[in-house]
Amino acid sequence: MHKSRFWVVGGEYTSCDCETIVQGTERVVGPFENRMEAERTWRTLSEDHRPQAQVRFTIAQEPPMTLNA
């Protein structure tokens with residue numbers, strides 16, 4: 001069986017280019033068993049930080065792995 005997990009990752013960046021994250025602001029939320037759950041959390045975090053232009057979050061997907069039963 002192939003299974004993949006999803007994570008919401010992000011934080012505050014030093015500029016709107018989102019290349020360098022401000023140390024100590026990193027956030028990793030998850031894992032989520034499906035993308036819909038991850039999107040729900042991503043949407044909430046993004047809305048909560050909307051006024052902060054340098055705060056960004058994204059959804060990361062782990063490569064599928066084979067689970068042995």
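Bear in mind these aren't lab numbers, they're just calculated from the coordinates by the rules spelled out. Since the structure is predicted, the reported quantities are computational estimates derived from the model, not experimental observations. Counting neighbours? That spans all protein chains shown, and the Cβs are built from the backbone with ideal geometry, glycine included.
Quick notes on this one:
- Hits in the range 1-22 (condition: over 14 Å from the mean Cα position of the chain (by Cα) and of a type in the set (D, E, K, R)): LYS3, ASP17, GLU19
- Elements of type strands (runs of 3 or more DSSP E) in the range 1-64, at least 2 residues being of a type in the set (Gly, Ala, Ser) and either in contact (Cβ under 8 Å) with a residue 12 or more places away in the chain or touching a His at 6+ places or on another chain (Cβ under 9 Å) (or both): 6-12
- Selection status of GLU39, of a type in the set (Asp, Glu), surrounded by 14 or more Cβ atoms within 10 Å (Cβ to Cβ) and under 10 Å from the mean Cα position of the chain (by Cα): yes
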